[in-house]
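The values are calculated or read from the model by the stated rules, or taken from the named source; none is laboratory data. Everything quoted here is computed from the prediction, not taken from an experiment. Reconstructed Cβ throughout: ideal geometry from the backbone, glycine too, with neighbour counts over all protein chains shown.
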Amino acid sequence: MPTSPSLKEPIAAVLLGAGLGTRMKSARPKVLHEIAGRPMIGHVLAAIEGLAPARRVVVSGPDTQALLAGAVAPVPVAVQAERLGTADAVKAARATLDGFAVGTVFVLFGDTPFIRMETLRAMAAAREEGAGVVVLGFRAADPTGYGRLIRDEGGALARIVEHRDANAEERAVDLCNAGVMAIEAGRLFRWLDRIGNDNAKGEYYLTDIVALALADGARASVIEAAEDELLGVDSKRDLADAEARWQRARRIHAMEEEGAILLDPQSVWFSHDTALARDVSVGQNTVFGPGVTVGEGAVIKPFCHLEGCVVHAGATIGPYARLRPGSAIGEGARIGNFVEVKNARFAAGAKANHLSYIGDAEVGAEANIGAGTITCNYDGYSKYRTLIGPRAFIGSNSALVAPLEIGAGALVAAGSTVTEDVAPDALALARARQETRDGGAARFREAKAAEKAAREKKSK
Ligand code: UD1
């Protein structure tokens, strides 16, 4: 859809989320179920955000208010006391919209996460061109259940009729109401207050606003969008389908727009905010949680899990690595197999190639962390930091008990449990001294064999 010129009038947005979501079979409000790590209603808010709305409000049922408020803050939440229909739900936003007299009020559903900013912009532009109400429509492959957009002889929108209230002729119409509307702010509540509930469901239908606006001399128009943009999510199965669709589109974006290499696209899972630079290579079965940025040419080998971290250009991660929030992996640094990094920064060229836990740490440039190194960052009460200087070498299977500082160029002997700071270029050995007894193994075996023979004799 072509983008329209910039808008002249202010925008307000009312997001409906007071539905019961019964088919979701969940303790969580439907609109807070996530796609790509972001609640569905967050996707809708992000789409309208593109139009820089002057006011936004989310409408919740009384039971879900606190949960919704926590998730959408700083967007305010208004409460619809009883679920009396979509028109009644919009009325719950009256206080938030007080004084918003000139401009466009959008009504959006919190459970249609694929709505695009460009579509909303086209609706707002149509509203500014003089329509009192702009309705978003789509051609449904199966229109059952949707409200139908009924046009007059001249082709103009005349009214919306809900499926249950429609006659056979109206049901044959495939142009359906998506539910999203852009309404002239000055007359919104005047029209809403006139909507009644004399219909099959006994609800106050927002859709009745079209006929009322026309009766008031306003114009109503339709903007059409593709059906898959308007996909609603009603069940866990719909949620999984929506996630799969989102991921498919994101993988294409990664390859075609960001210039990343995905070795097996369908096994790479993105978050809503993943950012890949060009020539990043992502191996099979990698999952990006929220908040990951990967720099140019970095290589993520198969089976990695990353969240809340930055991987700088040319770094190598995995296979089988886990990067947790607060981590930054410097240019050309390497995090190898079965290494977990949490809230730790690796400077350029630093390495932890095998089987380590590095948490709450700073690792200097070109430092080398040996296999099996653990930063002991937690004593059951508080977290402490480990500072490892540039070019330091930590021998395999070392426990670094934080708070701790290992100086630049220092060497920690393999198997050490280090509890005291190590000065730059010092060698720290913190392990039991080895004792070797000549012939000890042979004596041990002889003793064991004698024990075994005695046991067998006794049991005969
Ligand atoms: C609505 C439209 C229908 C359209 C369809 C598209 C009306 C009357 N009908 O029907 O024309 O084809 O969407 O999906 O608008 N909600 C509240 N409070 C309420 C009732 C609903 O907040 O009292 C919210 C729900 O959370 C949901 C949205 O409004 O996000 C739609 O409500 P729902 O009852 O599912 O409407 P549909 O029957 O799908």
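Test L45 against the criterion of being in contact with a helix residue (DSSP H, G or I) (Cβ under 9 Å, 6 or more places away or on another chain) and either farther than 23 Å from Y204 by Cα or within 12 Å of the ligand (Cβ to nearest atom) (or both), and give yes or no.
Working: in contact with a helix residue (DSSP H, G or I) (Cβ under 9 Å, 6 or more places away or on another chain): yes; either farther than 23 Å from Y204 by Cα or within 12 Å of the ligand (Cβ to nearest atom) (or both): yes.
It is true that L45 is in contact with a helix residue (DSSP H, G or I) (Cβ under 9 Å, 6 or more places away or on another chain) and either farther than 23 Å from Y204 by Cα or within 12 Å of the ligand (Cβ to nearest atom) (or both).
Do we find that L7 is touching a strand residue (DSSP E or B) at 6+ places or on another chain (Cβ under 9 Å), in a loop (DSSP other than H, G, I, E, B) and either modelled with pLDDT of 95 or more or more than 15 Å from D111 (Cβ to Cβ) (or both) in this structure? If you could, list the steps in order and put the result at the bottom.
On the way: touching a strand residue (DSSP E or B) at 6+ places or on another chain (Cβ under 9 Å): yes; in a loop (DSSP other than H, G, I, E, B): yes; either modelled with pLDDT of 95 or more or more than 15 Å from D111 (Cβ to Cβ) (or both): yes.
Against the criterion (touching a strand residue (DSSP E or B) at 6+ places or on another chain (Cβ under 9 Å), in a loop (DSSP other than H, G, I, E, B) and either modelled with pLDDT of 95 or more or more than 15 Å from D111 (Cβ to Cβ) (or both)), L7 qualifies.
Determine whether A126 is in contact with a Ser or Thr (Cβ under 7 Å, 6 or more places away or on another chain), surrounded by 18 or more Cβ atoms within 10 Å (Cβ to Cβ) and not polar (S, T, N, Q). Reasoning before the result, please.
Details: in contact with a Ser or Thr (Cβ under 7 Å, 6 or more places away or on another chain): yes; surrounded by 18 or more Cβ atoms within 10 Å (Cβ to Cβ): yes; not polar (S, T, N, Q): yes.
Spelling it out, A126 is indeed in contact with a Ser or Thr (Cβ under 7 Å, 6 or more places away or on another chain), surrounded by 18 or more Cβ atoms within 10 Å (Cβ to Cβ) and not polar (S, T, N, Q).
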Q.
Given (1) in contact (Cβ under 8 Å) with a residue 12 or more places away in the chain; (2) within 12 Å of the ligand (Cβ to nearest atom); (3) of a type outside the set (A, V, I, L, M, F, W, C), identify the lone condition not met by G202.
A. (1)
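Out of everything in the stretch 418-437 that is within 44 Å of the chain's Cα centre (by Cα) and β-branched (V, I, T), what residue ends up being surrounded by the fewest Cβ atoms within 10 Å (Cβ to Cβ)? Talk me through it step by step, then tell me what you get.
Filtering the stretch 418-437 for residues within 44 Å of the chain's Cα centre (by Cα) gives 418-424.
Then keep just the ones that are β-branched (V, I, T); that gives 418-419, 422.
Numbers: V418: 23, T419: 14, V422: 23.
That would be T419.
Condition first: in a helix (DSSP H, G or I), more than 14 Å from the ligand (Cβ to nearest atom), free of Cβ contacts under 8 Å to residues at least 12 places away in the same chain and of a type outside the set (D, E). Can you find one or more residues in the stretch 222-236 that meet it?
So the first thing to find is which residues in the stretch 222-236 are in a helix (DSSP H, G or I), and the list is 227-230, 236.
Cutting the leftovers down to more than 14 Å from the ligand (Cβ to nearest atom) gives us 236.
Among the residues that remain, those that are also free of Cβ contacts under 8 Å to residues at least 12 places away in the same chain are: none.
Scanning the stretch 222-236, I find no residue that is in a helix (DSSP H, G or I), more than 14 Å from the ligand (Cβ to nearest atom), free of Cβ contacts under 8 Å to residues at least 12 places away in the same chain and of a type outside the set (D, E), so the answer is no.
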(Q) Could you check the stretch 163-189 and list, in sequence order, the residues that are without any contact (Cβ under 8 Å) to a residue 24 or more places away in the chain and more than 11 Å from the ligand (Cβ to nearest atom)? (A) N167, A168, E169, E170, A172
Q.
Against the conditions (1) in a helix (DSSP H, G or I); (2) more than 18 Å from R148 (Cα to Cα); (3) not hydroxyl-bearing (S, T, Y), where does A213 fall short? Just the number, please.
A. (2)
**Q.** Subset tally (residues that are part of a strand (DSSP E or B), modelled with pLDDT under 95 and not aliphatic (A, V, I, L, M)) for the stretch 129-158
**A.** 1
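For R23, are the conditions met, namely being within 16 Å of the ligand (Cβ to nearest atom), charged (D, E, K, R) and more than 16 Å from G232 (Cβ to Cβ)? Break it down into steps so the answer makes sense when it comes.
Values: within 16 Å of the ligand (Cβ to nearest atom): yes; charged (D, E, K, R): yes; more than 16 Å from G232 (Cβ to Cβ): no.
For R23, the condition - within 16 Å of the ligand (Cβ to nearest atom), charged (D, E, K, R) and more than 16 Å from G232 (Cβ to Cβ) - is not met.
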Q.
Can you confirm whether R38 is among the basic types (K, R), away from the ligand (no atom under 16 Å from the Cβ) and surrounded by fewer than 21 Cβ atoms within 10 Å (Cβ to Cβ)?
A. yes
**Q.** the stretch 165-196: number of residues that are under 20 Å from L120 (Cα atoms) and either hydrophobic (A, V, I, L, M, F, W, C) or surrounded by fewer than 15 Cβ atoms within 10 Å (Cβ to Cβ) (or both)
**A.** 10
Q: Considering only the stretch 227-256, state which residues are at pLDDT 95 or above, among the small types (G, A, S) and under 29 Å from K25 (Cβ atoms).
A: S235, A240, A242, A244, A249
(Q) Quick test of your reading of the structure: A131 fulfils all but one of (1) surrounded by 20 or more Cβ atoms within 10 Å (Cβ to Cβ); (2) within 21 Å of I41 (Cα to Cα); (3) away from the ligand (no atom under 15 Å from the Cβ). Name the failing condition by number. (A) (2)
**Q.** Which numbered condition A365 fails, given (1) in contact with a Lys or Arg (Cβ under 8 Å, 6 or more places away or on another chain); (2) free of Cβ contacts under 8 Å to residues at least 24 places away in the same chain; (3) not β-branched (V, I, T)
**A.** (2)
(Q) Please go through (1) under 25 Å from V59 (Cα atoms); (2) within 13 Å of the ligand (Cβ to nearest atom) for L120 and return the number of the only condition it doesn't satisfy. (A) (2)
(Q) Pairs needed: first member in the stretch 87-107, buried (at least 20 other Cβ atoms within 10 Å of the Cβ) and of a type in the set (D, E); second member anywhere, modelled with pLDDT of 95 or more and not in a helix (DSSP H, G or I); C-beta distance under 6 Å; at least 6 residues apart or different chains. (A) D88/Y204
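Residue under question is L16, and the condition is that it be within 12 Å of the ligand (Cβ to nearest atom) and out of contact with any Asp or Glu (no Cβ under 7 Å at 6 or more places or on another chain); does it hold? Steps first, answer last, please.
Numbers: within 12 Å of the ligand (Cβ to nearest atom): yes; out of contact with any Asp or Glu (no Cβ under 7 Å at 6 or more places or on another chain): yes.
Judged against the criteria, L16 is a match.
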Q. Which of (1) over 29 Å from W191 (Cα atoms); (2) within 15 Å of the ligand (Cβ to nearest atom) does K30 not meet, given it meets every other one?
A. (1)
Q. Within the stretch 62-95, restricting attention to residues that are over 25 Å from A125 (Cβ atoms) and touching a Gly at 6+ places or on another chain (Cβ under 8 Å), which residue is nearest to the ligand (Cβ to nearest atom)?
A. R83
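Being more than 10 Å from the ligand (Cβ to nearest atom), without any contact (Cβ under 8 Å) to a residue 40 or more places away in the chain and surrounded by 12 or more Cβ atoms within 10 Å (Cβ to Cβ) is the filter here, so list the residues in the stretch 139-150 that pass it. Before the answer, list the steps.
As a first pass, look at the stretch 139-150 and keep what is more than 10 Å from the ligand (Cβ to nearest atom): 139, 141-142, 144, 150.
Right, trim to without any contact (Cβ under 8 Å) to a residue 40 or more places away in the chain and you get 142, 144, 150.
Residue satisfying the conditions is I150 alone.
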